[in-house]
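The values are calculated or read from the model by the stated rules, or taken from the named source; none is laboratory data. Quick caveat: nothing in here was measured; it's all calculated off a predicted structure. Using ideal geometry, Cβ is built from the backbone for each residue, glycine included, and neighbour counts are taken over all protein chains shown.
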Amino acid sequence: MAFDIDMIRKVYDTMPARVDKARELVGRPLTLSEKILYAHLWEGTPTTKFQRAKDYVDFAPDRVACQDATAQMALLQFMHAGKESVAVPTTVHCDHLILAKVGAEKDLAVANTQSKEVFDFLSSVSNRYGIGFWKPGSGIIHQIVLENYAFPGGLMIGTDSHTVNAGGLGMLAIGVGGADAVDVMSGMSWELKFPKLIGVKLTGKLNGWTAPKDVILRVADILTVKGGTGAIVEYFGEGATSMSCTGKGTICNMGAEIGATTSTFGYDDSMRRYLTATGRADVVEAADKVADYLTADAEVYANPEQYFDELIEINLTELEPYINGPFTPDRGTPVSKMKEEAAKNDWPIKVEWGLIGSCTNSSYEDMSRAVSIVNQAVELGITPKAEFGINPGSEQIRYTIERDGIIAAFEKMGTKVFTNACGPCIGQWDREGADKGEKNTIVHSFNRNFSKRADGNPNTHAFVTSPEMVAALAISGRLDFNPITDKLLNDNGEEVMFKPPFGDELPTKGFEVEDPGFQAPAANGSSVQVIVSPDSSRLQLLEPFQPWDGQNITGAKLLIKAFGKCTTDHISMAGPWLRFRGHLDNISNNMLIGAENAFNNKTNSVKNQLTGEYAEVPAVQRAYKAAGIPSIVVGDQNYGEGSSREHAAMEPRHLGVKAVLVKSFARIHETNLKKQGMLGLTFANEADYDKIQEDDTINFLDLTEFAPGKQLTLEFVHKDGSKDIIMANHTYNDSQIEWFKAGSALNLIAAGK
Ligand code: MIC
Ligand code: SF4
């Protein structure tokens with residue numbers, strides 16, 4: 001478990017010289033993000049003035065973290081890279097595959113039986129290649145990383161979009177697909193387009209009912225789900241330094257929901273307190289020596305408009321609690337407007353469930369503030385109207401809140417304490433009655449609330465809010481309850497009111513844990529056997545994808561023209577499908593089943609152009625594949641938003657889709673497509689989306705001249721014989737074009753190039 005103090009010291013040793021040199025070259029003060037990026041340039045990469053949002057740059061991340069649902073594919077790919085062990089410190093965390101049903105103890109035992117094969121695979125592959133392994137029940141990847149590995153000024157990548165959580169400790173932590181992780185684990189550089197920078201100045205101070213969560217709910221409301229694309233969000237100001245480190249983590253975590261590359265905060269006392277409380281006083285000592293490099297230059301904070309591409313200012317003193325949703329995390333409603341909004345939109349007022357947890361909001365502070373509301377309810381004699389569930393973020397948090405009586409207080413109210421894992425946040429929730437599909441409302445402190453995500457029911461209206469607001473809304477049983485102004489009736493029919501929540505930032509008696517659930521890898525793993533049974537339904541060794549044949553793609557069929565929001569949950573659904581994350585062929589049966597077909601507004605119903613009949617998307621695509629016919633997918637804005645799961649790129653690749661042509665992409669998904677040897681293209685003219693018809697056949701006219709910065713020409717032949725020529729943009733650079741030619745980036749690594 002030992003966090004790598006030597007590695008951290010090495011980063012700090014080289015940081016000042018690198019940053020000073022960069023500042024000189026750039027010729028102006030530097031932001032924190034720039035300092036961290038310049039300090040992590042890949043050896044030999046010239047320090048030049050990189051153009052934001054333009055230049056691809058090679059970096060050397062300090063760490064890699066993977067979670068079980070994505071690690072399977074990442075490590076199956078890593079096994080092809082031909083390496084003896086990972087080149088940078090790496091950990092694997094088992095957190096996504098545990099179904100929440102009755103409570104931690106039983107649920108964990110069930111998961112350990114049902115997913116034994118997968119956990120055994122991950123444990124042995126970790127042991128084999130020098131990877132630290134966190135067992136099921138140890139906690140959610142991002143809480144564990146924050147508690148053990150994150151450090152100010154570091155650069156890490158992780159195969160999960162919420163890796164960004166570690167920004168709470170002043171890191172640049174970035175979510176990537178498994179293939180990117182394989183590069184870094186193999187000792188290669190990691191490429192990122194030099195990001196734009198968004199500054200968020202926080203003035204004032206959080207107070208009363210507002211929490212760090214409200215900052216990001218407000219930012220999401222301002223920037224929307226794609227407003228952060230290609231950007232790092234840097235928070236600063238008195239409002240930033242006055243909040244807790246885990247609160248900062250919450251804000252950075254949900255930066256994934258605005259599409260931001262990552263978010264971060266400058267090194268401050270809250271980080272010192274957190275590092276010390278989590279047993280890392282030596283990191284504080286090392287960081288203090290280079291503290292000036294772990295925050296932006298003073299001129300940047302004094303005149304932020306000169307250094308950021310975009311600047312937002314939020315006054316925390318005036319900020320209200322927010323409730324975002326339903327169906328998208330950027331639809332923000334301040335608590336004072338909820339009565340009006342809910343009535344206007346006909347959202348179900350009755351709250352059925354309140355869920356506290358997920359990697360976003362499962363810290364000690366979150367639990368202690370939420371329980372302060374629960375305790376008040378008990379004192380005031382109110383029986384909660386909704387059901388309650390919590391997922392502690394890690395075993396260390398669970399153990400500590402149990403010791404401090406917080407769990408007992410929750411349980412007094414009938415709360416279900418689920419495993420230290422993702423649980424309902426990723427649809428690992430056996431919610432009673434969800435199959436009836438009734439319209440209903442739930443409130444949770446998670447980050448995502450896409451349709452069907454938590455319980456599979458498309459009519460569940462999920463709202464995202466702070467843990468303390470979840471507690472208040474669940475106890476009142478009403479979505480439009482405003483705890484700041486509204487009274488409640490207790491069980492005796494008396495009018496009562498809640499006082500604002502309060503809680504400890506960190507446990508006054510310190511953190512404690514008996515068995516954190518960590519397994520260190522063998523010192524020399526070369527004799528460890530990694531077993532994948534050939535008849536497994538859960539795991540399948542990968543076959544390399546075929547290289548490009550050097551010809552234009554012709555006679556391709558339109559598989560689907562997806563309409564509106566098409567997140568990775570729509571492309572490769574989670575929930576029950578998580579069990580196939582290590583088996584490419586089986587999981588491909590969920591390909592695009594959640595996407596809305598623009599021609600009939602139905603999901604999972606597309607026309608098979610060979611028969612004229614409508615059928616499920618994977619079935620139609622398998623029919624094209626069997627007939628040796630290529631196909632393409634067309635999509636709308638921000639296609640592939642959400643998760644880092646590369647299955648959303650590998651499934652179409654595996655089933656024979658050649659290109660995905662959309663109005664715009666989310667960052668991680670676009671990279672995942674490139675890595676897997678697919679063509680990820682955007683309409684040069686967005687309005688051309690409307691020209692695409694259901695029976696179209698597509699010919700590429702100049703793929704043979706595929707080159708950086710050069711548009712591709714596609715001919716869409718309609719049913720009546722008429723044609724449209726559509727120009728497509730792409731962002732492939734020279735090396736990414738090589739991935740396409742080779743069939744995938746991994747094919748190049750495996751060939752030793
Ligand atoms: C999520 O929150 O959607 C997930 C599940 O953590 C994903 C990763 C996955 O699909 O395995 C993510 O955010 O990247
Ligand atoms: Fe797990 Fe949810 Fe966090 Fe994703 S967002 S890592 S599913 S807790």
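Details
- Positions within the range 543-578 being of a type in the set (Phe, Trp, Tyr) and either away from ligand 2 (no atom under 16 Å from the Cβ) or touching a residue at least 40 places away in the same chain (Cβ under 8 Å) (or both), in sequence order: Phe545, Trp548, Phe563
- Subset of the range 634-651 (residues that are crowded, with 22+ Cβ neighbours inside 10 Å, under 23 Å from Ala256 (Cβ atoms) and more than 16 Å from ligand 1 (Cβ to nearest atom)): Gly635
- The range 30-77 - residue that is more than 16 Å from ligand 2 (Cβ to nearest atom) and part of a strand (DSSP E or B) and, of those, surrounded by the most Cβ atoms within 10 Å (Cβ to Cβ): Arg63
- Subset of the range 349-364 (residues that are under 21 Å from Cys422 (Cβ atoms) and surrounded by 24 or more Cβ atoms within 10 Å (Cβ to Cβ)): Gly354, Leu355, Ile356, Gly357, Ser358, Cys359, Thr360, Asn361, Ser362, Ser363, Tyr364
- Members of the range 299-343 that are touching a helix residue (DSSP H, G or I) at 6+ places or on another chain (Cβ under 6 Å), of a type in the set (Phe, Trp, Tyr) and not in a strand (DSSP E or B): Tyr307
- Failed item, numbered, when Ile692 is tested on (1) under 30 Å from Ser186 (Cα atoms); (2) over 28 Å from the mean Cα position of the chain (by Cα): (1)
- Every condition in (1) outside any helix (DSSP H, G or I); (2) within 14 Å of ligand 2 (Cβ to nearest atom) holds for His142 except the one numbered (1).
- Members of the range 438-454 that are of a type outside the set (Ser, Thr, Tyr) and either within 14 Å of ligand 2 (Cβ to nearest atom) or touching a Pro at 6+ places or on another chain (Cβ under 7 Å) (or both): Lys439, Asn440, His444, Phe446, Asn447, Arg448, Asn449, Phe450, Lys452, Arg453, Ala454
- Residue within the range 338-356 that is modelled with pLDDT of 95 or more, within 16 Å of ligand 1 (Cβ to nearest atom) and under 30 Å from Lys509 (Cα atoms) present: yes
- Taking the range 613-656 as the range and being more than 27 Å from the chain's Cα centre (by Cα), assigned to a strand (DSSP E or B) and touching a residue at least 60 places away in the same chain (Cβ under 8 Å) as the test, only Ser631 passes.
- The single residue among Gly354, Gly405, Gly414, Gly381 that is under 30 Å from Ser643 (Cα atoms) and small (Gly, Ala, Ser) turns out to be Gly354.
- Counted as qualifying within the range 169-265 are the strands (runs of 3 or more DSSP E) with 1 or more residues that are surrounded by 24 or more Cβ atoms within 10 Å (Cβ to Cβ) and under 15 Å from the mean Cα position of the chain (by Cα), namely 172-175, 231-236, 262-265.
- Subset of the range 177-225 (residues that are in contact with a Cys (Cβ under 9 Å, 6 or more places away or on another chain) and at positive phi): none
- Top-ranked residue in the range 455-475 [being within 16 Å of ligand 2 (Cβ to nearest atom) and not polar (S, T, N, Q); ranked as nearest to the chain's Cα centre (by Cα)]: Val464
- Phe511 in contact with a Phe, Trp or Tyr (Cβ under 8 Å, 6 or more places away or on another chain), within 16 Å of ligand 1 (Cβ to nearest atom), among the aromatic types (Phe, Trp, Tyr) and assigned to a loop (DSSP other than H, G, I, E, B): no
- Residue check, Glu514 charged (D, E, K, R) and over 27 Å from Ala386 (Cβ atoms): yes
- Among the residues of the range 387-416, the one identified as crowded, with 22+ Cβ neighbours inside 10 Å, part of a loop (DSSP other than H, G, I, E, B) and out of contact with any Ser or Thr (no Cβ under 8 Å at 6 or more places or on another chain) is Thr415.
- Restricted to the range 344-379, and to residues there that are free of Cβ contacts under 8 Å to residues at least 12 places away in the same chain and part of a helix (DSSP H, G or I), the residue that is farthest from ligand 2 (Cβ to nearest atom) is Glu379.
- Residue satisfying all of: in the range 417-432; assigned to a loop (DSSP other than H, G, I, E, B) and farther than 12 Å from Asp107 by Cα; nearest to ligand 1 (Cβ to nearest atom) among these: Cys422
- Selected residue (criterion: surrounded by the most Cβ atoms within 10 Å (Cβ to Cβ)) from residues of the range 89-139 that are within 16 Å of ligand 2 (Cβ to nearest atom) and among the small types (Gly, Ala, Ser): Gly139
- Residue count, the range 416-428 (criterion: more than 11 Å from ligand 2 (Cβ to nearest atom) and in contact with a helix residue (DSSP H, G or I) (Cβ under 8 Å, 6 or more places away or on another chain)): 3
- The set of residues in the range 142-166 being more than 15 Å from ligand 1 (Cβ to nearest atom) and farther than 19 Å from Thr278 by Cα consists of Leu155 alone.
- Subset of the range 546-605 (residues that are of a type in the set (Asp, Glu), over 20 Å from Ser161 (Cα atoms) and either under 19 Å from the mean Cα position of the chain (by Cα) or surrounded by 20 or more Cβ atoms within 10 Å (Cβ to Cβ) (or both)): Glu596
- Being part of a helix (DSSP H, G or I), closer than 22 Å to Thr568 by Cβ, in contact with a helix residue (DSSP H, G or I) (Cβ under 9 Å, 6 or more places away or on another chain) and of a type in the set (Val, Ile, Thr) holds for only one residue in Ile749, Ile668, and it is Ile668.
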